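Peer 1: One structure follows; several queries about it will come next.
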Amino acid sequence: MPMAKGIPFKVFIGFFVLTLFLPIPSVSAAYSGVKITTKVVPGDDDFFVETSAYGVYHPGDTLSAPNLTEDEFPWQSFMFYVSNGSSYIVWRGDFSSKFHGAFYSNGSWYLLLQGGYPLLRIDGKPFSRTYPYNSTYTSITVYRIENGCIEPTWVIPASSPGVFGSARLENSTIIMSSYSQASGRGFVVRVPLKSFERYISITNASAFADLLSAVGLPNGDVIIFFPELYYFRSNGTVYGGMFRNGGFIPIFRGNETYIFLYNGSLSAVPIVRVDLNLGKVFPEITAQYELRTCYQKNSTEVPVSRTPAGTALLSLGIGLVTGTIIGYLLKGWRRKS
């Protein structure tokens, strides 16, 4: 069949083959993001924060598709300690870190760690350089912390029960109430929404309240946090939000995850920052907690005095010389007699 006038057959074939190597535009888009899970473990007047970051993939050309996949293991995990207005990072892990946890019981903290990197300073030295602590972190290790000292232990007690609650929005006020008010340990806290808006650019107030959880400390402080957050980018802006009924609901603009403290007034502690370009999460708390070893103060071992090697050799030499002289004198005395 003759080609159209003005287009030689060889030119047409060459153009057709060239188009086979051109990239074909995708007919659907996919959103990649980060999921943050947060757990708060309360003590008497302090608490631990455990945060894990997962990579998430949301296929589809909008953020309202029902399919959502998550990695089986967290990309990164962090543990933070907060006390008396100070915040510290104590541990971070990656894919190889299968176990990490904080437990509070009867006035003592217990850390269960395997893998990762303990970010503690003991007696002024980094954790990994302090005897008798594990420098490989490959085995499960339990540590007990009390009154600023740390020691290995074999016991993992049951955690002291905390008083947790949920939040709701009423007339521009976030109301947090505990589940166990009848026990006498409950709490009801009212915080104006504008107090949160000093730290977060809220786009959906009711969903913001629904996503919050709270836990009370014996001193009356209330810790407010997001147990679960998703971060995605839409129209060039990073949003933190949640998935509900198969769709992503943007709640606030920004890429930071906060823990809020309320003791008459609200303050915010940023704990991690999300970078969607890298698909990673970075800790916002970098200070390390200073501890001392418990053995120096509470050791029950009886000290054993050991003679230095040099002194032992010198004593042996003196003994040999003295014995030789005495033997020579005794031999001469026997001959005279």
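The values are calculated or read from the model by the stated rules, or taken from the named source; none is laboratory data. Here the structure is a predicted model, which is why all the values come from computation and not from measurement. Using ideal geometry, Cβ is built from the backbone for each residue, glycine included, and neighbour counts are taken over all protein chains shown. Surface accessibility is based on the protein's heavy atoms, side chains included, excluding ligands, DNA and RNA. Shrake-Rupley method; radii C 1.70, N 1.55, O 1.52, S 1.80 Å.
Peer 1: With θ taken as phi - 60° and the coefficients 6.51, -1.76 and 1.60, list the Karplus ³J(HN,Hα) couplings across the stretch 223-232 in order, rounded to whole Hz; mark glycine and proline as x.
Peer 2: Listing the rounded values in order: 9, 10, 8, 9, x, 8, 9, 10, 10, 9 Hz.
Peer 1: Across the stretch 148-161, in residue order, what do the Karplus-derived ³J(HN,Hα) couplings come to in whole Hz, using 6.51 cos²θ - 1.76 cosθ + 1.60 with θ = phi - 60° and x for Gly and Pro?
Peer 2: With the stated coefficients, the stretch 148-161 comes to x, 10, 10, 8, x, 8, 9, 9, 10, x, 5, 5, 5, x Hz.
Peer 1: Note the full-extension length gain between Ser234 and Asn147 as 0.36 nm times their separation in residues minus their Cα-Cα distance, in nm to one decimal.
Peer 2: Net length gain for the segment: 26.6 nm.
Peer 1: What residues have an amide H closer than 5 Å to that of Ser234, excluding those fewer than 5 places away on the same chain, when H is modeled at 1.01 Å from N in the peptide plane?
Peer 2: Under 5 Å from the amide H of Ser234 lie the amide H atoms of Tyr239, each far enough along the sequence or on another chain.
Peer 1: Just the number please: accessible area per residue for the stretch 121-202, 1.4 Å probe, all protein chains included, in Å².
Peer 2: 59 Å²
Peer 1: Once ligands and nucleic acids are excluded and a 1.4 Å probe is used, how much of Thr286 is accessible, expressed in Å² to the nearest 10?
Peer 2: About 110 Å², rounded to the nearest 10.
Peer 1: Could I have the simple spin-label model distance between Phe99 and Asn245, label points 7 Å from Cα toward Cβ, reported in nm to one decimal?
Peer 2: Result: 4.3 nm between the two label points.
Peer 1: Order the following by accessible area, largest value first: Trp91, Trp75, Trp154. Probe radius 1.4 Å; ligands, DNA and RNA are ignored. Show your work: numbers first, answer last.
Peer 2: On the way: Trp91 0, Trp75 75, Trp154 245 Å².
From most exposed to least exposed: Trp154, Trp75, Trp91.
Peer 1: May I pose another question? Just check the stretch 232-292 against the gyration tensor rule for me: Cα atoms, a ≥ b ≥ c as the square roots of the eigenvalues, rounded for a/c under 1.5, and otherwise prolate or oblate depending on whether a/b exceeds b/c.
Peer 2: oblate
Peer 1: In nm, give the distance between the simple-model label positions of Lys194 and Val155, each being 7 Å from the Cα along the Cα-to-Cβ direction.
Peer 2: Between Lys194 and Val155, the simple spin-label model gives 5.1 nm.
Peer 1: Enumerate the calculated ³J(HN,Hα) couplings along the stretch 108-124 in order (Karplus 6.51 cos²θ - 1.76 cosθ + 1.60, θ = phi - 60°), each rounded to whole Hz, writing x wherever the residue is Gly or Pro.
Peer 2: 10, 9, 10, 10, 10, 10, 9, x, x, 9, x, 10, 10, 10, 10, 6, x
Peer 1: Ile174's amide H: which non-local residues (gap 5+, or another chain) put their own amide H closer than 5 Å, with H modeled 1.01 Å from N in plane and none for Pro or chain starts?
Peer 2: Excluding prolines and chain starts, which carry no amide H, the hits are Val191, Leu193.
Peer 1: In terms of modelled amide H atoms, which long-range or inter-chain residues lie less than 5 Å from the amide H of Val34?
Peer 2: Those qualifying (amide H under 5 Å, at least 5 residues apart or on another chain) are Val56, Tyr231.
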